[in-house]
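The values are calculated or read from the model by the stated rules, or taken from the named source; none is laboratory data. Keep in mind that what you see is a predicted model, and the values were worked out from it rather than measured. Using ideal geometry, Cβ is built from the backbone for each residue, glycine included, and neighbour counts are taken over all protein chains shown.
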Amino acid sequence: MRKTKIIGAEGLLRWRHPQRGLIPPADFIPLLEETGLIVNVGEWVIRQACKDFLAAELLGLRVSVNVSGVQFNDADFLAQVTELIIEESLPAKALELELTENIVINDPLATAEILNTLHGLGMRIAIDDFGTGYSSLAYLKSLPLDVLKIDQSFIRDLTDGHGNRAIVEASISLGKKLGLEIVAEGVETLAQLEILRQLDCEYAQGYYISKPVPKAEFIDLVIAMNGLSETST
Ligand code: MN
């Protein structure tokens, strides 16, 4: 049996409302985008993710953060991210920014310029929910990408028939040939994980590995799975 290790975490935003309790992101993120508040909240999320990682002294791991299209298209985005990396003194290589296909193909030239700068600083760039956006594959070769995250909808039905397996297999092969790391999203069962292993997918996330947890629980999980001394990949 291959040894499984934690190599990083994805920062997820939750809102605990004093009266209404836990509000799901699907209920408030669209509102943040509509009002433009996502620009400030998004910055706070990246900053908080950097802080949590420094405080946890888990620098061998990486932290990935979802970037909204509204946030990415804001004129100050690049300056915002580069400044906060310096202010929080997080090594840029520990930070991974997740963008969906629709964001990166919206304005390919402007996107390439921003991503080249961030990538040049050492940040990692991931394509999130791969396979669900407008499927222009041209951006895959023209942008400085590091990671393809295969959308959970393909993983969910991986065991049901041949269609999804074919898409996942082709995505893995395409990504690997382009020199990208492949992450399967939304892995919920051992059966899915076993198929992904057969298909040579090296990285996975989802409830089968861990549900979203607060920082302290995450640290316990890292110690349990990776051991105390060895936290790097
Ligand atoms: Mn994501």
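How many residues does segment 16-54 contain that are free of Cβ contacts under 8 Å to residues at least 24 places away in the same chain and closer than 19 Å to Ala216 by Cβ? Within segment 16-54, residues that are free of Cβ contacts under 8 Å to residues at least 24 places away in the same chain and closer than 19 Å to Ala216 by Cβ number 2. Taking the criterion of being over 17 Å from Thr82 (Cα atoms), of a type in the set (Asp, Glu), out of contact with any strand residue (DSSP E or B) (no Cβ under 8 Å at 6 or more places or on another chain) and not in a loop (DSSP other than H, G, I, E, B), the residues of segment 32-65 that qualify are Glu33, Glu34.
With respect to Ile29, is the statement that it is buried (at least 16 other Cβ atoms within 10 Å of the Cβ), in contact with a Cys (Cβ under 9 Å, 6 or more places away or on another chain) and either at pLDDT 90 or above or part of a helix (DSSP H, G or I) (or both) true? The answer is no for Ile29. Filtering segment 179-205 to residues that are in a helix (DSSP H, G or I) and in contact (Cβ under 8 Å) with a residue 24 or more places away in the chain leaves Ala191, Gln192, Ile195, Leu196, Arg197.
Out of the residues in segment 49-83 meeting the condition of being at pLDDT 90 or above and surrounded by fewer than 17 Cβ atoms within 10 Å (Cβ to Cβ), tell me which one is nearest to Phe28 (Cα to Cα). Checking each candidate, the answer is Gly69. Being without any contact (Cβ under 8 Å) to a residue 60 or more places away in the chain and not acidic (Asp, Glu) is a property that holds for Lys176. Mind listing just one residue for me: the one in segment 73-91 that is assigned to a loop (DSSP other than H, G, I, E, B) and within 24 Å of Leu140 (Cα to Cα) and, of those, nearest to the ligand (Cβ to nearest atom)? The qualifying residue nearest to the ligand (Cβ to nearest atom) is Asp74. Confirm whether Gly42 is touching a Ser or Thr at 6+ places or on another chain (Cβ under 7 Å) and crowded, with 20+ Cβ neighbours inside 10 Å. Judged against the criteria, Gly42 is a match.
Looking at Ile172, Ile209, which is the one that is outside any strand (DSSP E or B), under 23 Å from Leu12 (Cβ atoms) and β-branched (Val, Ile, Thr)?
When all the criteria are applied, what remains is Ile209.
Taken over segment 87-98, the criterion of being out of contact with any Leu (no Cβ under 7 Å at 6 or more places or on another chain) and at pLDDT 90 or above is satisfied by Glu87, Leu95, Glu96, Glu98. When restricted to residues that are away from the ligand (no atom under 16 Å from the Cβ) and either exposed (fewer than 10 other Cβ atoms within 10 Å of the Cβ) or farther than 29 Å from Glu181 by Cα (or both), segment 5-26 contains 9.
Across segment 95-113, a minimum of one residue is classified as over 17 Å from the mean Cα position of the chain (by Cα) and either surrounded by 21 or more Cβ atoms within 10 Å (Cβ to Cβ) or hydroxyl-bearing (Ser, Thr, Tyr) (or both). The set of residues in segment 125-139 that are closer than 18 Å to Asp107 by Cβ and either aliphatic (A, V, I, L, M) or exposed (fewer than 15 other Cβ atoms within 10 Å of the Cβ) (or both) comprises Ile125, Ile127, Tyr134, Ser135, Ser136, Leu137, Ala138.
Out of all the residues in segment 92-150, which are β-branched (Val, Ile, Thr), part of a helix (DSSP H, G or I) and either within 16 Å of the ligand (Cβ to nearest atom) or within 15 Å of Gly175 (Cα to Cα) (or both)? If the condition is that a residue be β-branched (Val, Ile, Thr), part of a helix (DSSP H, G or I) and either within 16 Å of the ligand (Cβ to nearest atom) or within 15 Å of Gly175 (Cα to Cα) (or both), then Ile103, Val104 are the ones that fit.
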